[in-house]
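Take a look at the structure set out below.
The values are calculated or read from the model by the stated rules, or taken from the named source; none is laboratory data. Bear in mind that the values here come from a model prediction, so they are computed numbers and not experimental data. Here the Cβ is made from the backbone with ideal geometry for all residues, glycine too, and neighbour counts use every protein chain on show. Calculation scope for accessible area: heavy atoms of the full protein, side chains included, ligands and nucleic acids excluded. Shrake-Rupley method; radii C 1.70, N 1.55, O 1.52, S 1.80 Å.
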Amino acid sequence: IAVLQIVKESQQQHGLRHGDFQRYRGYCSRRLRRLRKTLNFKMGNRHKFTGKKVTEEILSDNRYLLLILMDAERAWSYAMQLKQEANTEPRKRFHLLSRLRKAVKHAEELERLCESNRVDAKTKLEAQAYMAYLTGMLRFEHQEWKAAMEAFNKCKTIYEKLANAFTEEQAVLYNQRVEEISPNIRYCAYNIGDQSAINELMQMRLRSGGTEGLLAEKLEALITQTRAKQAATMSEVEWRGRTVPVKIDKVRIFLLGLADNEAAIAQAENEETKERLFESLLSECRDAIQAVREDLKPDQKQREHSLEMDSGKVSNIQYLHSYLTYIKLSTAIKRNESMAKSLQKALLQQQRSEEDGKRTPRPQDLIRLYDIILQNLVELTQLPGLEEDKNFQKEIGLKTLVYKAYRCFFIAQSYVLVKKWSEALVLYERVLKYAGQVQSEAGAYKSSLKDLPDVQDLITQVNAEKYSLQAAAILDANDTHETESPSQVKDGKPLSERFDTFCLDPSLVSKQVNLVHFPPGFQPIPCKPLFFDLALNHVAFPPLEDKVEQKAKSGLTGYIKGIFGFKS
């Protein structure tokens, strides 16, 4: 079996990519249960435990070796989980050592089984290296430096031989393991008495941008301890012609390590490492500023008194606070400038837009970075103790002009993308104005501006962009005239009302086709007729006078006859 390959793949796929040892331990337990079930190698049943051991006689399947390997990995992952928790709960360190011993015991059993004739030579060597690696880690935790160094050296030698014996693709894993344990070897050598090892450890840390795993905390503590010894001899610092005593140990340690951190940033191999180092430096600087601020609070009254006595000159502790704030703001500016440079390179390589799934960088991203830089420069001009420093204020003013020029340039670029040619041209002119001011006023301040972006390159680029912009504006104007021809203008009428007119309407092939007005509009219709009988007003009835008189004559006689009962 390929021990190292199986271990690495399992770790990367089940939690260790993010440092989640608990998740990896759960995976090892589940895989052990699956292997035991598949091999019918169960430890009794749910009522009774019956221990079984893997022996050479039953070693007919390589999955029996995987059983032992997963046991070791489970114990190791539990130990690493406890190591993370031991930072806040020191008692868990005893449990950590117990689990590491358990992992070494399983590794010894794996090495013993691999001595069988049924196992090939490569697996035997890998089992020996794995055993040596876990043994070294256990001795390292016990601070048995010599035994740990011997175990790590044995592991390193085996993996180097395996890397030389196979192809480059197979050798990558072995070389990675060698790189992982090299800092541990140098740390052991330092503790044994090799003073030169500390320099190599520092270089390893600088190249990697930090350390990970077993050595991380110990190396950081060692570096802090070394700087603390050097800090004992440091009593003052000089900045801008004024010497300030440094009495706070945390500030001394930070100032001693400042040059090393800046050198590490300059030597960083990639942007990710550089970003991590910047963040580390800013974090240390914030801690140092906080330590000074705590001493500054009880010193308020004394500081106010010193301001009155020295006619505006700030106290030493306040000046030290300004110095550390200057370091923090300057580091933040360098970090943002580094990020801006990497974004500018990405803007020039627009091919990596959507193919690799990453968001394409835009000029707006750079504008935001330069806004932050300008804000930091404003804060620099307001530092206590530097208000009267004419040279300092002039330097910050020139730097502000440089970054304003770059900010205007990328604002213009963003306007070009949305075809606002007039606004972009005005901003390009503003860039040339800022750049011209920097060139005319630099003079004696060129040494302080050497770390800034080159203004002459910006001027050259702006002149080229102006010609490109004018050409694009002319072409866009021609395209606009073409698109406004009658055959391409939509009037909003539905298709049913413009059968006789040709019009390029892309909506006809879309889901929102405008064919007719729906619902249709209201139209007037005739109402139901109303009949009025007007003829009655014009009808002449026949005269009835003769009938009325006759009725009147016979009416009385008939009435009397009716009373007396006479009938006619």
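Take every Cα pair under 8 Å whose residues are at least 6 apart in sequence, average their separation, divide by the length of the range 362-476, and the relative contact order is 27 percent.
With all pairs of separate Cα atoms included, the range 362-476 yields a Kirkwood hydrodynamic radius of 15.1 Å. On the range 362-476, 51 percent of the accessible area sits on carbon and sulfur atoms, based on a 1.4 Å probe. Protection proxy ranking for 25-34, 314-323, 520-529, 48-57, using the average of other Cβ atoms within 10 Å per residue and placing the highest first: 314-323, 25-34, 48-57, 520-529. Pairs from the table (Lys250/Lys450; Lys53/Lys102; Lys297/Lys399; Lys52/Lys105; Lys404/Lys450; Lys83/Lys156) lying more than 21 angstrom apart at Cα are Lys250/Lys450; Lys297/Lys399; Lys83/Lys156. Excluding ligands, DNA and RNA, the accessible surface per residue across the range 91-137 is 49 Å² with a 1.4 Å probe.
Of the peptides 163-175, 181-193, 71-83, the order by per-residue mean of other Cβ atoms within 10 Å, starting with the highest, comes out as 71-83, 181-193, 163-175. Here the range 1-91 yields Rg over Rh of 1.03, to two decimals, using C-alpha coordinates and the Kirkwood radius.
Averaged over its residues, the range 362-476 has an accessible area of 53 Å² per residue, based on protein heavy atoms and a 1.4 Å probe.
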